[in-house]
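Following: one structure in structure tokens, then a few remarks.
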Amino acid sequence: MAITTISPAEARRAIEDGALLVDIRGTDEHAREWIPGAVNVPLDKIGTLSCDGRPVIFHCRSGMRTAAGAAELECAAGAAPCYILEGGLQAWRAADQPVAVDRHRPLEVMRQVQLAAGGLVVAGVALGAFVAPGFYLLSAFVGAGLMTAGATGWCGMAKLLAAMPWNRRAAA
């Protein structure tokens, strides 16, 4: 049985009637922006979900992760009715539903990786073009690191950024 998608308005009514709203994003994403009342159970820990038979509405940022993990989410909900918030947090916000934001929290680590990797690639290309061709190796090194991360699931840059002081403070 496929999980049904519901609109933000339908989700709001279901939550008011007692449905459990579950945010499957990572804890760093949830800490920066969340739907008030949502329980954060990252997708990799969804097996720990306890919904006590209540209907469950799953959401992520855009709806893509929830749709991709639908079978796993359905198993986690057990016999309880379960739904996916269509369009995720972005659609919820666009429908003028309440969203809590803590701008003092750092960006989630993967967005930091994207910014750092993109900046290093641009710097390597610019330096290679205007200073010395050897700087192109910086772009190649970053590209190889991203390929390794994609192939293995291990990202050295993410590990390094997670250990930075601004991220350690946020985790405490």
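All of the numbers you see were taken from the coordinates with simple rules; none came from a lab. Just so you know, these numbers come straight off a predicted model, no measurement behind them. Cβ coordinates were reconstructed from backbone atoms using ideal geometry, including for glycine residues, and neighbour counts include every protein chain displayed.
Taking the charge dipole of the chain about its Cα centre, with +1 at Lys and Arg Cβ atoms and -1 at Asp and Glu Cβ atoms, the residue from Ala94, Gly37, Phe135 reaching farthest to the positive side is Phe135.
Normalised by 2.2 N^0.38 Å, with N the number of residues, the alpha-carbon radius of gyration of the chain equals 1.26.
Rounded to the nearest 500, the helix-only mean residue ellipticity at 222 nm of the chain stands at -15000 deg cm²/dmol, with each DSSP H run of n ≥ 4 adding -39,500 (n - 2.57). Close amide H partners of Leu20, meaning residues 5 or more places away or on another chain with modelled amide H under 5 Å apart, are Val56, Ile57. Packing around the peptides 151-161, 120-130, taken as the average count of other Cβ atoms within 10 Å per residue, puts them in this order, highest first: 120-130, 151-161. For the pair Asp52 and Arg13, label points projected 7 Å from Cα toward Cβ lie 2.5 nm apart. Calculation over all alpha carbon pairs of the stretch 120-172 in 5 angstrom steps from 0 returns a P(r) of 5, 20, 17, 15, 16, 16, 7, 2, 1 percent. Under 5 Å between amide hydrogens, built in the peptide plane, is the criterion, and for Glu33 it picks out Asp102 among residues at least 5 positions away or on other chains.
Legend: helices of the chain (whole DSSP H runs) are marked when their alpha-carbon atoms reach 20 angstrom or more along the helix axis and their mean Kyte-Doolittle hydropathy is at least 1.0; marked are 109-130, 136-152. Sorting the segments 100-110, 80-90, 29-39 by their residues' average number of neighbouring beta-carbon atoms within 10 angstrom, most packed first, yields 80-90, 29-39, 100-110.
The modelled label-to-label distance for the pair Thr4/Ala151, using points 7 Å beyond Cα in the direction of Cβ, is 4.6 nm. Once the Cα-Cα distance is subtracted from the 0.36 nm per residue extended length, the Ser62 to Phe130 segment shows a gain of 20.5 nm.
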